[in-house]
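> Shown below is the structure under consideration.
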Amino acid sequence: MSGQAIILFAHGARDPEWAAPFTAIQARLQAARPDVLVLVAFQDFMTPSLATAVANAVAQGAARAVVVPLFFGQGSHVKRDLPLFLDAERRRHPQLQLRALPAIGDAPEILQAIADWILCAAED
């Protein structure tokens, strides 16, 4: 492992099938970058939590971790909860370089890919 981790951060749900797209993204990333530890974490209802994922990354030798919020909007989890969490984890793991990317809904490339897919799928 390169000492790097990617933590995919999603909301979570009571239905375990809800997590399937996130674990599929995890598998694709891990296959593309076998040298990088790729983990999934959840805010609510599911495990592992973000704190557990960070602890697992550190335990597996990560010196750097990037949290990728798989949220379409800038709700309270991304605007308020995530920054507080990152501050707490930086204090808990001072040896870890920890940062977060913007929510995927803020990425023009993601929005364009969704629009393109809709245009293709909706054609008669």
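The values are calculated or read from the model by the stated rules, or taken from the named source; none is laboratory data. Nothing here was measured: the structure is a model prediction, and the numbers come from that model. Every residue, glycine among them, receives a Cβ derived from its backbone with ideal geometry; neighbour counts consider all protein chains shown. These accessible areas exclude ligands, DNA and RNA; they are computed on the full protein's heavy atoms, side chains included. Shrake-Rupley method; radii C 1.70, N 1.55, O 1.52, S 1.80 Å.
> Residue by residue through the range 39-47, what is 3J(HN,Hα) from phi via Karplus (6.51 cos²θ - 1.76 cosθ + 1.60, θ = phi - 60°)? Round to whole Hz and write x for glycine and proline.
10, 10, 9, 10, 6, 9, 6, 10, 10
> I'd like to know which of Ala19, Leu98, Leu70 lies farthest towards the positive end of the charge dipole of the chain, counting +1 on Cβ of Lys and Arg and -1 on Cβ of Asp and Glu.
In the chain, that residue is Leu98.
> Accessible area per residue, 1.4 Å probe, Å², for the range 9-120: what's the number?
On the way: 6660 Å² over 112 residues.
With the other protein chains kept in place, the range 9-120 gives 59 Å² per residue.
> I would also like to ask the following. Give me a comma-separated list of calculated 3J(HN,Hα) values for the range 75-91, in order, Karplus coefficients 6.51, -1.76, 1.60 applied at θ = phi - 60°, integers in Hz, x for any Gly or Pro.
In residue order, the calculated couplings are x, 5, 5, 7, 6, 10, 5, 4, x, 5, 4, 4, 4, 5, 5, 5, 5 Hz.
> What trypsin sites (Lys or Arg not before Pro) does the range 1-71 have in DSSP loop regions with at most 12 other beta carbons within 10 Å?
Numbers: sites: Arg14, Arg28, Arg64; in loops: Arg14.
Passing sites in the range 1-71 are Arg14.
> Then there is this: On the protein heavy atoms, probe 1.4 angstrom, tell me the percent of accessible surface of the chain carried by carbon and sulfur. Each step should come with its number before you reach the end.
Values: 4380 of 7380 Å².
Carbon and sulfur: 59 percent of the exposed surface of the chain.
> Additional query: Could you calculate the contour length gain from Asp116 to Thr52, that is, 0.36 nm times the residue separation minus the distance between their Cα atoms, to one decimal place in nm?
On the way: separation 64, 0.36 × 64 = 23.04 nm, distance 3.60 nm.
This chain segment gains 19.4 nm when fully extended.
> Then there is this: Using each residue's phi in the range 61-70, evaluate 6.51 cos²θ - 1.76 cosθ + 1.60 at θ = phi - 60° and report the 3J(HN,Hα) Karplus result to the nearest Hz, with x for Gly and Pro.
Per-residue couplings from phi come out as x, 6, 9, 9, 9, 10, 9, 10, x, 8 Hz.
> Which cross-chain or sequence-distant (5 or more) residues have an amide H under 5 Å from the amide H of Val38, H modelled 1.01 Å from N in plane?
Counting only residues 5 or more places away or on other chains, the set is Ile6.
> Enter the Cα centre distance for the pair the range 1-53 and the range 101-120, rounded to the nearest angstrom.
20 Å
> Pulled fully out, how much extra length does the chain show between Glu123 and Gln74, if you take 0.36 nm times their separation in residues and subtract their Cα-Cα distance?
Values: separation 49, 0.36 × 49 = 17.64 nm, distance 3.08 nm.
Answer, rounded to one decimal: 14.6 nm.
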